[in-house]
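A.B. asks: Please find one structure pasted underneath; my questions will follow.
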Amino acid sequence: MKYFLSILISISFTFTFVSAHGYLAQLTINGKAYSGNVPGAQATPSVIRQVSDISPVKGASNPDLNCGLSAQFAADVADANPGDALAFDWRGGDNQNWPHNTGPMLTYMTSCGSSSCTTYNSSSSKWFKIQQVARVSSGGPWAQAAVMEGFPANVTLPSTLAPGNYLIRHEIMGLQGAVSVGGAEFYPACSQIKVGGSQTGGPTEDELVLLPGAYSDTDPGIYDPNVYDPSASYTFPGPPIAAFAGGDASGTSVSGDASESASASTPTATSGSSGSSGSSSSSNPQSVCKLQRRTTTSLVSDAGSFTVVKTHKRRHSILTGLFHDLALVYRGS
């Protein structure tokens, strides 16, 4: 087996791309798209806080776990309302598809108080979780896999969310190296929104966490020797989803299912399906080949239905992600 892996690893080095990491390129709120800035580029007005590099945040205690590598204040704020559909469009460093397919996706929010989020320092802010997703079904692929295929990650704002200024933090965890302690990759991105309406929903004090602070490198959902076993249970790191957002404070451990509902829709920047709440979630790079196949996977959970509609654009660079992940497993064995 190790001989076979060695061959795959050597082949993978032939297909190395600089797009092995990525960033949040666009946020869409009810069909209105807000573009982000390429990491390291000259910033233009945006609602997405620009990070300095496409590389992941490493280490659960890293200060950059808050909003991403050296994240900067953004100049704009997007208007939103309770129940709005959000679509997070993640891209590889060369604007190709997101390059990973293993690990959960989680969404947090924090209040910026009475002032606009454009100057809000969130380093010591307390966050609450509104969504998380792992695998799309027991033994099935991670939901992150749809992002790898070019689809946005879709989340719905809680329908009873109180009005105010908020940062919304969408996070992809790359667990392809999680078979070793410290091997997880964190990709957080913060966007600035102002929520209207007249609702009164919000988190309780015991549902609030610091970031960093909520995770440990040895948490079961961050260090996961069984990450490549589809039948293994997965335990989300961090707090449970806030009760007002549809969460269950009893825990986050599941048996390979996505107890949280979410959805991936067509890969257009302005489309947005809904997703939210429950307890339990994958991706890989670029496109060239024209072989396409459409599949739909549905999972009904306590929180609702999870639907993934995927157009598989098979390309030689997909092998890159596979070999990259196998290489990480081999080095961690």
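A.B. asks: Among the residues of the stretch 75-92, are any of a type in the set (Lys, Arg) and touching a helix residue (DSSP H, G or I) at 6+ places or on another chain (Cβ under 9 Å)? Lay out the reasoning, then the answer.
C.D. replies: The initial filter retains those residues of the stretch 75-92 that are of a type in the set (Lys, Arg), namely 91.
Going one step further and asking which of them are touching a helix residue (DSSP H, G or I) at 6+ places or on another chain (Cβ under 9 Å), we end up with 91.
Yes, the stretch 75-92 contains a residue that is of a type in the set (Lys, Arg) and touching a helix residue (DSSP H, G or I) at 6+ places or on another chain (Cβ under 9 Å).
A.B. asks: Which count do you get for residues in the stretch 44-78 that are in a loop (DSSP other than H, G, I, E, B) and either within 18 Å of the chain's Cα centre (by Cα) or of a type in the set (Gly, Ala, Ser) (or both)?
C.D. replies: Kept after step one, since they are in a loop (DSSP other than H, G, I, E, B), are these residues of the stretch 44-78: 44-47, 49-56, 58-62, 66-77.
Add one more test, that the residue is either within 18 Å of the chain's Cα centre (by Cα) or of a type in the set (Gly, Ala, Ser) (or both), and what stays is 46-47, 49-56, 58-62, 66-71, 74-75.
Of the residues in that region, 23 qualify.
A.B. asks: Which of the strands (runs of 3 or more DSSP E) found entirely inside the stretch 98-162 contain at least 2 residues meeting this: open to solvent by 20 Å² or more (accessible area, probe 1.4 Å) and among the charged types (D, E, K, R)? Give the derivation first.
C.D. replies: Working: elements: 105-113, 126-133, 153-156.
Hits in the stretch 98-162: none.
A.B. asks: Filter the stretch 69-125 for residues that are polar (S, T, N, Q), more than 16 Å from Ala153 (Cα to Cα) and in contact with a Pro (Cβ under 8 Å, 6 or more places away or on another chain) and give the result.
C.D. replies: Ser123
A.B. asks: Cβ contacts < 6 Å: first residue closer than 19 Å to His170 by Cβ, restricted to the stretch 202-230; second residue surrounded by fewer than 15 Cβ atoms within 10 Å (Cβ to Cβ) and modelled with pLDDT of 95 or more, any location; separation 6+ or different chain. Result?
C.D. replies: Pro212/Ser61
A.B. asks: Here's a follow-up. Could you check the stretch 220-246 and list, in sequence order, the residues that are open to solvent by 20 Å² or more (accessible area, probe 1.4 Å), within 18 Å of the chain's Cα centre (by Cα) and over 21 Å from Leu69 (Cβ atoms)?
C.D. replies: Pro220, Tyr223, Thr235, Pro240
A.B. asks: Let me ask something else about it. Under 9 Å by Cβ, and 6 or more places apart or on different chains, what pairs join a residue from the stretch 185-201 that is farther than 13 Å from Gly36 by Cβ with one that is among the basic types (Lys, Arg) and open to solvent by 10 Å² or more (accessible area, probe 1.4 Å)?
C.D. replies: Note: pairs meeting the criteria are Glu185/Lys58; Phe186/Lys58.
A.B. asks: Please enumerate the residues belonging to the stretch 165-176 that are more than 9 Å from Val227 (Cβ to Cβ) and not acidic (Asp, Glu).
C.D. replies: Start the filter on the stretch 165-176 by keeping residues that are more than 9 Å from Val227 (Cβ to Cβ), which leaves 165-174.
Asn165, Tyr166, Leu167, Ile168, Arg169, His170, Ile172, Met173, Gly174 - these are the residues of the stretch 165-176 that are more than 9 Å from Val227 (Cβ to Cβ) and not acidic (Asp, Glu).
A.B. asks: Now, a different point. May I ask you to verify whether Gln132 is at pLDDT 95 or above and under 14 Å from the mean Cα position of the chain (by Cα)? Walk me through how you get there before you give the answer.
C.D. replies: On the way: at pLDDT 95 or above: yes; under 14 Å from the mean Cα position of the chain (by Cα): yes.
Yes: the conditions hold for Gln132.
The values are calculated or read from the model by the stated rules, or taken from the named source; none is laboratory data. Every value quoted in this text rests on a predicted model; they were computed, and no experiment measured them. Glycine gets a Cβ as well: all are built from the backbone with ideal geometry, and neighbour counts include every protein chain shown. The accessibility values were calculated without ligands, DNA or RNA, using every heavy atom of the protein model including side chains. Shrake-Rupley method; radii C 1.70, N 1.55, O 1.52, S 1.80 Å.
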